[in-house]
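Engineer: So that we are looking at the same thing, I have put the structure below in structure tokens.
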2 protein chains.
Amino acid sequence: MAVNVVESKEWYLAGYAAEGVPTTDHLTLRSVPLSLSLDSIPDAHVAVQLLFISVDPYLRTRMSGQEDGLYFPQFSLNQVITAFGVGRVMRSKDEKYSEGDIVLNAFFPVAEYCVVPSSVLIRKIDPEAGIPLPEYLSCLGVPGFAAWVGIEVLGEAKPGSNAFISAAAGGVGMVAGQLAKLKGCRVIGSTGSDAKVRLIKEEFGYDDAFNYNKEVDFDATLSKYFPNGIDIYLENVGSKMLEAVLNHVNPHARIPVCGMISQYNQIWTEREGVRNLLNIVGKEVRMEGFLVGSYLDRFADFTVEMEGYLKQGKISSKIKIYEGIQSFAESLGSLFSSSNFGKVVIEVNKPR
Amino acid sequence: MAVNVVESKEWYLAGYAAEGVPTTDHLTLRSVPLSLSLDSIPDAHVAVQLLFISVDPYLRTRMSGQEDGLYFPQFSLNQVITAFGVGRVMRSKDEKYSEGDIVLNAFFPVAEYCVVPSSVLIRKIDPEAGIPLPEYLSCLGVPGFAAWVGIEVLGEAKPGSNAFISAAAGGVGMVAGQLAKLKGCRVIGSTGSDAKVRLIKEEFGYDDAFNYNKEVDFDATLSKYFPNGIDIYLENVGSKMLEAVLNHVNPHARIPVCGMISQYNQIWTEREGVRNLLNIVGKEVRMEGFLVGSYLDRFADFTVEMEGYLKQGKISSKIKIYEGIQSFAESLGSLFSSSNFGKVVIEVNKPR
Ligand SMILES: NC(=O)c1ccc[n+]([C@@H]2O[C@H](COP(=O)([O-])OP(=O)(O)OC[C@H]3O[C@@H](n4cnc5c(N)ncnc54)[C@H](OP(=O)(O)O)[C@@H]3O)[C@@H](O)[C@H]2O)c1
Ligand SMILES: NC(=O)c1ccc[n+]([C@@H]2O[C@H](COP(=O)([O-])OP(=O)(O)OC[C@H]3O[C@@H](n4cnc5c(N)ncnc54)[C@H](OP(=O)(O)O)[C@@H]3O)[C@@H](O)[C@H]2O)c1
């Protein structure tokens, strides 16, 4: 007979971290009993076993306790953290969903099990489609879509454009570099370790790459890698790298601003400012921030294109999988070091 | 009989000013004899008596001796300064121009008289059109066109938009505020004196305005003037004002970057940086630099619209006229204080 009550481990916010990387002082794991019996599940709700949870930089900005540059609402104290995830329906009180369905949700609790309104589910995933489930959180998910919006929509990548990608070996960066190559750009990446430099050149097809932790003068570095200037900079990190880029932009360069991870652990008044924004005038640069949520009308186009690339082997993907829900705090912290390759995901329960 | 040799006073660059406002240490007036006899004028050239010279902030950035954020070429040492101007043809070796024609040129020497290739002349002006000649350097010239590109093209001004204009009482600012009002925006300006605050409210129709020299906390100031946030910021000044604006932008705000005059007297590494660019992501801001020269395909549209406004009295204009070529250094310096209203122009010779 099916289990009717589970102990579900979940992460909740014990305290805000105004600065620095959140630790287990701020994020705490607790175990809560959850009834899965059909009559305890409200109408139009489903009980879900979490399979994969996406670990993303923006989550950190929801734990600072202050209005922040990304403006996502702060998590409430003592409430469970939510994240993008893939889960399996265990019980359903909605005729559109059946036991065994694999579903995607942008706001799953970071937990082993949950009961959620079926209206929050984004869609069902066909597990027989030949695409590994975590890929729906990576190349086919938010980071892949962010890369696509950045490179193809706002970056207007064209053959011969000189493209620069920061955080080039991460979830967004690995896809962005490959998309820019597919569009015919010359692509250079920056990342935080020599191993990642090798990876993006060998596996993701970057024309060249450098380890920013080893460069003392970004300005000189960019002179070396961009003798003909920068046409597209996909901004993922902010601060000193952006400043260096602004000294090397070509006329009419595009800077899609996807994120600025170097700023997420700092209060804004403590951040290092960018001093050479005047170059935006002289070089007529378009710098444009974006959130993928505003481009959902293009998500179907993106999906068709990206599934095609994945099936044809034109885009390769790397996913760093952390095992078990208990790894959440560690995996989140890892985003602020250079310890991982590719997209960071937690495998909460093994898919059957 | 017509004069065949004139003594022409002209300004040349005696030394670069890396920092600070250029003075007569850097800019020097000299008198040179100029032959106006027809046989001394090369074919396809005209001799011109300068009438009005436009005094613009970008000129200062051509006197720093270093590659700069506006990227206009540096003036050469000992060479005459050039500027936008209106002149009268005195002798012509081009059948398209006759004595007495009033002509416009973006690169007239800052001098009393000159001989220039007729190919550099932008166009003839009809002095009977009922528009005062200096207006071709103001509302109908570069500042007016910059305001139009900023507000109508890049700013996408719409009824109800909350628009903020810095350097609001200057050549660009006075036009920008009025254009934004004509588009139905709520318009607030910042400027450097109480008299200018009064002027832009009373004469240019700004809904409200403040004297930034009296405000200690721009963030609080903008909270007061923009309870509903900022949709359009026409950036003319940079630095602390931009930083404050970025804390008040609405989602999808536009920041056309016309200039950053607070930065023109500083080496870039000495400038105060902007620390909260991360807001560009969360608010999906589009910040776009522009130079009017890249929008010349729209100049005819602009001219029709602006001439209409001027004739219908829908746009009013203020021009600060300095008398005589000897006032160039002083008038240029005045751009970096709050001493003038409206567009700064030198009357070199009285139009007949
Ligand atoms: N706009 C959107 O809708 C959207 C959507 C998804 C992601 N994003 C943004 O895109 C960026 C990348 O996200 P992702 O999910 O792909 O994460 P990720 O790149 O997989 O992980 C973050 C990486 O950032 C780098 N990093 C961390 N701290 C840094 C610092 N101080 N300076 C420079 N690099 C640092 C690290 O790689 P290195 O070894 O290279 O240092 C780290 O692996 C983030 O800014 C994120 O907020 C935006
Ligand atoms: N992109 C283009 O194609 C284009 C074309 C024309 C002009 N522009 C730019 O547009 C801006 C305005 O030019 P304009 O010709 O109209 O000049 P303007 O506004 O007539 O004169 C400059 C004004 O700037 C203000 N100012 C000076 N130093 C300042 C500082 N440190 N902080 C704040 N404000 C300061 C002063 O007015 P206050 O009393 O208000 O301080 C001064 O009167 C400049 O940045 C210029 O470079 C760009």
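Engineer: Within 10 Å of each Cβ of A:64-72, how many other protein chain Cβ atoms are there on average?
Structural biologist: 3
Engineer: Counting only heavy atoms of protein chains, what accessible area per residue, in Å², does chain A have with a probe of 1.4 Å?
Structural biologist: Counting only protein heavy atoms, the per-residue value for chain A is 38 Å².
Engineer: Under a point-charge model restricted to the Cβ atoms of Lys and Arg (+1) and Asp and Glu (-1), what is the dipole moment magnitude of segment A:119-163 relative to its Cα centre, in debye to the nearest 20?
Structural biologist: 100
Engineer: Tilt of helix B:171-182 relative to the longest C-alpha principal axis of chain B, in degrees (0 to 90, nearest 10)?
Structural biologist: 50
Engineer: If you don't mind, another one. Which ³J(HN,Hα) values in Hz, rounded to whole numbers, follow from the phi angles of segment B:185-194 under the Karplus curve 6.51 cos²θ - 1.76 cosθ + 1.60, where θ = phi - 60° and Gly and Pro get x?
Structural biologist: 7, 8, 10, 10, x, 10, 7, x, 8, 5
Engineer: Sticking with this one: Counting only other chains, and only Cβ atoms inside 10 Å, what mean value do you get across the residues of B:265-271?
Structural biologist: The per-residue average across the peptide is 3.
Engineer: Moving on to the next point. For chain B, give the magnitude of the charge dipole about the Cα centre (Cβ charges: +1 Lys/Arg, -1 Asp/Glu; no others), in debye to the nearest 20.
Structural biologist: 540
Engineer: Further question: Please list, ordered by chain and number, the residues whose modelled amide H lies under 5 Å from the amide H of residue A:252; skip anything fewer than 5 residues away on the same chain.
Structural biologist: Placed amide hydrogens put A:284, A:285 under 5 Å from residue A:252.
Engineer: Okay, moving on. Between the alpha-carbon centers of segment B:76-144 and segment A:28-53, tell me the distance in whole angstrom.
Structural biologist: A separation of 77 Å, based on Cα centres.
Engineer: With the alpha-carbon atoms as the only input, what is the per residue convex hull volume for segment A:142-294 in Å³?
Structural biologist: 108
Engineer: Right, next: Please name which of B:8, B:190, B:125 has its Cα lying farthest along the dipole of the protein assembly as shown towards the positive end, using unit charges on Cβ (Lys, Arg +1; Asp, Glu -1) and the Cα centre as origin.
Structural biologist: Highest projection toward the positive end goes to B:125.
Engineer: Tell me, what is the Rg over Rh of segment A:35-140, with Rh the Kirkwood radius over Cα pairs?
Structural biologist: 1.00
Engineer: Amide H of residue A:209 versus every other amide H placed in the peptide plane: which residues, excluding those fewer than 5 positions away on the same chain, fall under 5 Å?
Structural biologist: The list, which skips near neighbours in sequence, is A:189.
Engineer: Give, as a single signed number, the net charge of other residues whose beta carbon lies under 11 Å from the beta carbon of residue A:179, with Lys and Arg counted +1 and Asp and Glu -1.
Structural biologist: Here the charged neighbours net out to +1.
Engineer: Kindly compute the accessible surface that chains B and A hide from a 1.4 Å probe when together, both sides summed, and give it to the nearest 100 Å².
Structural biologist: Summed over both sides, the interface buries about 3400 Å².
Engineer: Could you order A:352, A:60 so the one with the most accessible surface comes first? Probe is 1.4 Å.
Structural biologist: Heavy-atom accessible area, descending, gives A:352, A:60.
Engineer: Using a basic spin-label model with each label point 7 Å from the Cα along Cα→Cβ, how many nm lie between residue B:44 and residue B:158?
Structural biologist: Spacing of the two 7 Å Cα→Cβ label points: 4.9 nm.
Engineer: In whole Å, what are the extents of the protein assembly as shown along the principal axes defined by its C-alpha atoms, from largest to smallest?
Structural biologist: Largest first, the protein assembly as shown extends 117, 52, 40 Å along its Cα principal axes.
Engineer: Relative to the compact-globule scaling 2.2 N^0.38 Å, provide the ratio for the alpha-carbon radius of gyration of chain B.
Structural biologist: Compared with the compact-globule rule of thumb, chain B sits at 1.02.
Engineer: Let me ask something else about it. Counting helices only, and only those DSSP H runs with n ≥ 4, report the 222 nm mean residue ellipticity of the protein assembly as shown as the sum of -39,500 (n - 2.57) divided by its residues, in deg cm²/dmol to the nearest 500.
Structural biologist: Only helices count here, giving -5500 deg cm²/dmol.
Engineer: Let me ask you something else. For residue A:82, list long-range residues whose amide hydrogen, built 1.01 Å from N in the peptide plane, is under 5 Å from its own amide hydrogen.
Structural biologist: When sequence neighbours closer than 5 places are left aside, the close amide H contacts are A:110.
Engineer: Using a 1.4 angstrom probe and counting only protein chains, how large is the accessible area of residue B:260 in Å², to 10?
Structural biologist: 0
Engineer: If only Cα atoms are counted, what is the Rg of segment B:269-334, and what is its Dmax, in Å?
Structural biologist: Rg, Dmax (Cα atoms, Å): 19.3, 51.
Engineer: How far is helix B:299-311 tilted off the main Cα axis of chain B, in degrees rounded to 10, range 0 to 90?
Structural biologist: 80
Engineer: Over the whole of A:289-299, what's the average partner chain Cβ count within 10 Å per residue? Rounded to a whole number, please.
Structural biologist: Across the residues of A:289-299, the mean count of other-chain Cβ atoms within 10 Å is 3.
The values are calculated or read from the model by the stated rules, or taken from the named source; none is laboratory data. This is a predicted model, so every value here is computed, not measured. Quick reminder, even Gly has a Cβ in these numbers, built from the backbone with ideal geometry, and neighbours come from all protein chains shown. All accessible areas refer to the heavy atoms of the entire protein, side chains included, with ligands and DNA or RNA removed. Shrake-Rupley method; radii C 1.70, N 1.55, O 1.52, S 1.80 Å.
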